[in-house]
Amino acid sequence: MSFLHPALLLAGLAISLPVLIHWLTRPRPVRLSLSTVRFVMQAVQQRRARHRLRDWLILLLRTLAIALLVWAFARPLLGQKPLVSAAELGDGVRIVVLDQSASMGAAVHGVTAFEKGRPLTADFLSAGGNLRANLILAGATPRAVFDAPSANVGALREELGRAKPGPERLNLQAAINLAGDMLAKSAPEQRRELVIVSDFQRTNWTTADFSPLPKDTKIELKSVGDSDRANVGILRVSAPGRAEQGRELRVEVEVGNYSTTARDIQVELTIGKGTYRVAGLCPPGLSTAISTTFTPTEPGWQTGQAKLLNVEDSLKADDVRPFALDVRPSPTYLLVTRESAKPQATSSHFTERALAPVVARDGKPAIRVVRVQPSSLDRDAAAGGDLIVLDHPGKLSQPAINLLAGLMRRGRPVLYVAAESADATNLKMLAEAAGAEMKLPVEFLPPAAGQTRRGLFLTEMRKEEVPFSIFGDSLSAALGTLRFAGGLASRRADRGLADDVLASFSDRSAALVVTSCGAGSLGIINADLAASSIPASGAFVPLLSELVSRLMGTRADQTAVNSGEAMAVYLPAEAGAAAGLSLEPVENAGQLNDENAFVTWRWNIAGPPGVYQVKRGNATLFAVATGVSKDESDLRTIDASVIQRLAGGREVHFDAAGAGGGEDQKDRAWTWALIACTTCMLLEIGVLKAFRT
Amino acid sequence: MSQTLSTPRSPFLDLKALSALAHMRFVTRHQIDGAYSGRHRSRQQGGAAEFADYREYVEGEDLRRLDWKVLARTGRAYVRLFQDETNLLCTLAIDASGSMLFGGHANYSKLRHVQWLATAFSHVISRQQDQVGLAVLSDGLADLRPPGSRSAHVQGIQQAIETLETKPATDLATGLRDLFGRLSRRGVLVLMSDFLVEDLEPVFNSLRLFRHRHWEVVCLHIIHPEEERLPEGLAYRFEGLENDGRIDASPGEVRKLYEDRFAAHCATVREMSLAAGCDYRRVSTATPYLETLGGFLVERAG
């Protein structure tokens, strides 16, 4: 325990005050000769016997009251003694890590946690004797002021003065690692100290690992966070599925309410020139998705922002979040097959009809299906298809396989109808070309010689998953009577996810597989549709439609990036080559490079919240929206006991009080002391009353 | 008479005031022994004083007491009994301990009051031709003047009363025992004391000696009003008058306890006096001594 005003402890001498006051204010006795003095003596003795307890109680209570009063004025700071003292110099190395993540910008009564932490950090940036210090500003990427600890405290403080919280999350582990490297390089006999000034958000700190630090490092953790900080933030803005021109689009806004009460939230969505209002009730401590719909009239990239209205909270940085939507025209499916385009009872015909079942009034289908011969499958041909469907493609060439794998990695969905033995070879080659980015749950094999795949029916359908979920309780009635033929045998692969097998046949072979590959996905229907009864079933069109929606909707959302973090995305194929592309609104928003016939956009440190676009001329080819990491919105702090567990046996002192609201918490003992003092005085009155004095 | 002229009158003797008590006499309640014939009933029977009773003649008795008239009338021999009357031998025993010096704020001590009272007593007793003596008790029997009735004797007693001096130590019981040994004839013992002693029992044991020898004992309990309750004020350093120490106390805190204890002391003195067959009278210095004496004499006269 320490004291804010230790000098006031000298006032503890006042404990003798009651006795002194009693002695000083004792009336000077008047001498009086009395013949009956023995009776006075007896009376006094009798009274003393009766009041001795009272007198002791009164003296005790008065002394205690004064001691408590002195204690209160000295402002005791409860808690353990810090391991690292700002005033303690000497031979050692001290690394001070200051959290400059977005959450440090959260304000209580107008004062941000960062501003509370700045003087606290400055206190520890002292050098004297052989003490050398360094400052690490910890955000998404930790940045040390010097490469090694230095005695140039002035420069460290100067840098500290310029620092401010950024719109990024705290990469704590990177900061610890960096500090560990510096401390490890110090001489073994030197004292090693690590001071971390942070708001100790639960979301960042629960995975902290101090093992990179030398064992003898003394770790002082200073919290400037306040658990009472209530915050509401926009965590995500997205449009599930594919945004298409002229088709109603649902935009979801995920709002996190990290306060203690439910909140009525209003969000203003600005998309292009349109403004929409979304409202909803957010329960406390949770994130809630509220949504609205709008119909994009023009294709192309739509940018906008979501903004919380009429919200009083601690952190303003997450009250606004920009976003970008890629509104595509009506989809075009690329059907790669060597079967004839004539309307015959072929698998590809059934597939084509199921993919585009609706015919528009002008006689043209709303969805275009373009047939492509496998030999003609190249980059240009693939560029026009939003979904690539392979049905009886025969043996594909290696370039075609590589192209398909590359397209999948960049987010292009592929649907493979595996009916022939050649398809087993194609799928094996595709898996090899995709590498680690695709892990098929099963390995497809040609049926064994003499084995006829016929009369198979579906089992183990995952009815809660798309596409089967659309049938609800009538799933068995709709699909249970279907019989399948053809297709490939399959066996379980070790590295894949069993959950990717959505349905199996009665012979235990996989019937339907959906797996991801990079940003895209691959769906495999293991049957010869022409030999199966499903095309004649009314369930075929909705089943295939749901499956296609799932494949196209699972494209990883690459348009939302956390500020301050590294970013690497493949541009869509229509972006062409890197030459002639420009970045807006800032040119230094990363680099555009040609890689494997595609363009990659790499940005080591994504910029502050905003929308960044790749353009060729005036046309926007791709856009990303940067924003504050959702981890930063939850301002709840970690418990001290968790910190001790994370320390792994190292010497750690967690100062939950710190310099901010925690300080109040730590410094509240004086109020209790005053209350106790008052209680003592009231008790004194009570004792006097009880003894009828 | 010449002696009277040559000896100055005691300042405690106010003849003018005492003239109000001229018609009063000190009457004993018990039969007493006296040196001379007087007005008091003697413990002796005989003589030709006051007829008391008849008793059958016993052979060998003095025939002069035989009632011949009754013998002649009834044939039976009866002896006439007469109550002898004698004079009073009164010894004034004055407690001259240090506590008697307490005079309170008015500086009118118990001793002073006793001096007035004892002087008046001696005057009244001598005036009715009785004998009066004086015993001064402090740490023992400090002074003894056996009963006498001559004017010079009385004046000597009054002078001794005038010049009474106290001693810090007190041993009332020893003084009384010494007195008992020194007085050979029965009489009346008037003890004037505040009875502020460590132990009352020895005192009353001594008094019981007197009572066993048929002395009439009168205990005058001298009390100063300021002894009955403590003075007002925040703090006092009370100092004893008989080397019994001192103590600082706030009267307010111990007043009630003190009053209870003093009242208990007074009650004890009274009870022990009565139990010992003594006459008890509480005498407050706040009451004029003439009033006290007058009341006492009236009560005695019945």
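The values are calculated or read from the model by the stated rules, or taken from the named source; none is laboratory data. If you're wondering where the values come from, they're calculated on a predicted model, not measured in any experiment. Glycine gets a Cβ as well: all are built from the backbone with ideal geometry, and neighbour counts include every protein chain shown. Keep in mind that these areas ignore ligands, DNA and RNA; they rest on the heavy atoms of the full protein, side chains included. Shrake-Rupley method; radii C 1.70, N 1.55, O 1.52, S 1.80 Å.
Calculate how many DSSP beta bridges within the stretch A:237-353 are antiparallel, expressed in % of all such bridges and rounded to the nearest 5. That works out to approximately 95 percent antiparallel. Can you give the FRET efficiency for A:A448 and A:R247, using 1/(1 + (r/R0)^6), R0 = 51 Å, r = Cβ-Cβ distance, to the nearest 0.05? Efficiency for this residue pair is about 0.65.
Using alpha carbons only, how many degrees (0 to 90, rounded to 10) separate the axis of helix A:113-124 from the longest principal axis of chain A? Roughly 60 degrees, rounded to the nearest 10.
As a test of the definition: with a 1.4 Å probe, what buried accessible area, both sides summed, do you compute for B against A, in Å² to the nearest 100?
That pair hides around 2600 Å² of surface in total.
Of the peptides A:671-680, B:206-215, the ranking by mean beta-carbon count within 10 Å, highest at the top, reads B:206-215, A:671-680. Centre-to-centre, using Cα atoms only, the stretch A:12-37 and the stretch B:253-300 are separated by 36 Å. Across the stretch A:199-274 the C-alpha pair distances fall into 5 Å bins from zero in the proportions 3, 10, 14, 15, 12, 11, 10, 9, 7, 5, 3, 1, 0 percent. Ligands, DNA and RNA left out, the accessible area of chain B computed with a 1.4 Å probe is 48% carbon and sulfur.
Express the C-alpha Rg of the stretch A:531-640 as a ratio against the empirical globular expectation 2.2 N^0.38 Å, rounded to two decimals.
1.52
Loop-located trypsin sites (Lys or Arg not before Pro) across the stretch B:112-178 with a Cβ neighbour count of 14 or fewer within 10 Å are B:R150, with loop assigned by DSSP. Per atom type, chain A shows carbon and sulfur on 54% of its accessible surface, probed at 1.4 Å. Mind giving me the nanometre distance, one decimal, between the label points for A:L497 and B:N243, set 7 Å out from Cα along Cα→Cβ? With each label point 7 Å from Cα toward Cβ, the separation is 11.1 nm.
Mind jotting down the distance between the C-alpha centroids of the stretch A:200-237 and the stretch B:147-195, whole Å? Cα centroid of the stretch B:147-195 versus Cα centroid of the stretch A:200-237: 103 Å apart.
For chain B, list log₁₀ I(q)/I(0) at each q in 0.13 Å⁻¹, using the Debye formula over Cα point scatterers of equal strength and ignoring solvent, two decimals each. Relative scattering, expressed as log10 I(q)/I(0), comes to -0.93. So which lysines can A:K222 reach, going by Cα to Cα under 28 Å and dropping same-chain residues fewer than 8 places off? Leaving aside lysines fewer than 8 places away in the same chain, those within reach of A:K222 are A:K81, A:K116, A:K164, A:K185, A:K316, A:K630, A:K666. Shielding value for B:93-103 is 2, the average number of Cβ atoms from other chains within 10 Å of each residue's Cβ.
So what is the 222 nm mean residue ellipticity for the protein assembly as shown from helices alone, if each DSSP H run of at least 4 adds -39500 (n - 2.57) and you divide by all residues, rounding to the nearest 500 deg cm²/dmol?
-9000 deg cm²/dmol
With the charge dipole of chain A set up from +1 on Lys and Arg Cβ and -1 on Asp and Glu Cβ about the Cα centre, the Cα lying farthest toward the positive end among the listed residues A:T332, A:G564, A:H392 is that of A:G564.
For A:K689, the lysines whose Cα falls under 28 Å of its own Cα, not counting residues fewer than eight places away in the same chain, are B:K256. Would you kindly give the portion of the calculated P(r) for the protein assembly as shown that falls above 50 Å, as a percent of all Cα pairs? When all Cα pairs of the protein assembly as shown are counted, 59 percent exceed 50 Å. Restricting to the protein assembly as shown, what percent of DSSP beta bridges are antiparallel, rounded to 5? Percentage antiparallel, nearest 5: 60.
Its residue count N sets the reference 2.2 N^0.38 Å, and the alpha-carbon radius of gyration of the stretch A:332-553 equals 0.94 times that reference. Partner lysines whose Cα lies under 27 Å from the Cα of B:K16, excluding those fewer than 8 positions away in the same chain, are identified as B:K110. In this structure the protein assembly as shown gives 46 Å² per residue of accessible area when probed at 1.4 Å with all protein chains present. With 50 Å² as the minimum drop in accessible area between chain alone and full protein complex (1.4 Å probe), the qualifying residues in the stretch A:33-71 are A:S33, A:L34, A:S35, A:T36, A:V37, A:R38, A:F39, A:V40, A:M41, A:A43, A:Q46, A:R47.
Once each of the GluC sites (Glu not before Pro) sitting in a DSSP loop with at most 10 other beta-carbon atoms within 10 Å is removed, chain A keeps A:1-188 as its longest stretch.
All other residues whose Cβ lies under 10 angstrom from that of A:L387 are scored, Lys and Arg at +1 and Asp and Glu at -1, for a net of +1.
Beta bridges assigned by DSSP with both partners in the stretch A:332-553 are antiparallel in approximately 50 percent of cases. Sorted into 10 angstrom bins from 0, the C-alpha pair distances of the stretch A:397-453 split as 22, 53, 19, 6, 0 percent.
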